[in-house]
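All of the numbers you see were taken from the coordinates with simple rules; none came from a lab. A quick note: this is a predicted structure, and the numbers were derived from the prediction, not measured. For neighbour counting, all protein chains shown are included, and Cβ atoms are generated from backbone atoms with ideal geometry for every residue, glycine included.
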Ligand SMILES: Nc1ncnc2c1ncn2[C@@H]1O[C@H](COP(=O)(O)OP(=O)(O)OP(=O)(O)O)[C@@H](O)[C@H]1O
Ligand SMILES: O=P(O)(O)OC[C@H]1O[C@H](OP(=O)(O)OP(=O)(O)O)[C@H](O)[C@@H]1O
């Protein structure tokens, strides 16, 4: 039987995903000592693929990976055809509209300009408010755009709020919560149902346990 292949988002979500796998008893030493390797066999008949967030969705959609771990932000921006089956409870942050401290974004009638790494999310948010806006796509350090006078505000991820604060910006409105999600290819969900359910049940139990521990600490 070929291994179940799971695409993990490299970077911020990687450590927490590997921790979750280890909590459910999967040997991830190959990932821990990966060097520059991108496809890594781990325990329990699983194979890990390390990819950029948007590519995780592409690989799962096309069925070359059975499962994927990706942020809700990427899912909201890119969309696609797959099952989103579990909120993994880590990679927590939020989407927010933010602008210069003291600016009154919603006053006046002129069309506003928004800078964002997430143009689709920005468009949908303002569409729901029936507001006419122009969105300029920025690839990173989006906070620069209003500081440089390119936009009135930004739609971006906020975690601790430090980047906004240190650049004289503040949240105007929270758009939605974001966290890491487990996604599954539609055909794999049918063809490898038993294996996928066995794995996701273990992951779900571990996620629930972690959230109980988190509540106790709080
Ligand atoms: N403070 C944060 N900033 C950005 N993403 C965060 C943050 N906290 C959690 N995340 C989650 O981590 C995921 C991966 O973020 P990461 O910055 O590693 O990759 P990325 O957004 O593709 O950036 P890059 O293009 O720099 O690799 C995001 O898609 C999001 O779901
Ligand atoms: O609220 P905070 O804890 O400060 O985190 C939010 C910042 O982190 C992310 O940027 P990232 O570090 O991924 O760099 P990027 O802007 O180049 O994408 C995000 O785009 C914000 O800039």
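Model label sites at residue 177 and residue 159, defined 7 Å from Cα along the beta-carbon direction, differ in position by 1.8 nm.
Extending 7 Å from Cα along the Cβ direction at residue 131 and again at residue 103 yields two label points whose distance is 1.1 nm. Put a dot 7 Å past the Cα of residue 144, heading toward its Cβ, do the same for residue 194, and the two dots end up 5.4 nm apart. Taking the fewest neighbouring Cβ atoms within 10 Å as the starting point, the ordered list for 131, 76, 1 is 1, 131, 76. Residues considered: 11, 108, 80. Largest GNM mean-square fluctuation over the chain, using C-alpha springs under 10 Å, is found at 108. Using alpha carbons only, how many angstrom separate the centre of the stretch 1-59 from the centre of the stretch 86-132? Going from one Cα centre to the other spans 32 Å. Using the Cβ-Cβ distance between residue 124 and residue 1 with R0 set to 25 Å, the FRET efficiency from 1/(1 + (r/R0)^6) comes to roughly 0.05.
Springs between Cα atoms under 10 Å define the GNM used for the chain, and in it the highest mean-square fluctuation of 91, 68, 79 occurs at 79. Of the Cα atoms belonging to the chain, the radius of gyration and Dmax stand at 19.4, 63 Å.
Note on the chain: GNM, Cα springs under 10 Å; of 111, 30, 186, the largest mean-square fluctuation is that of 111.
Mind giving me the FRET efficiency for residue 217 and residue 29? R0 is 35 Å, r the Cβ-Cβ distance, nearest 0.05 is fine.
Values: r = 28 Å, r/R0 = 0.81.
It comes to 0.80.
When the alpha-carbon atoms of the stretch 93-176 are used, the pair Rg, Dmax equals 11.4, 32 angstrom.
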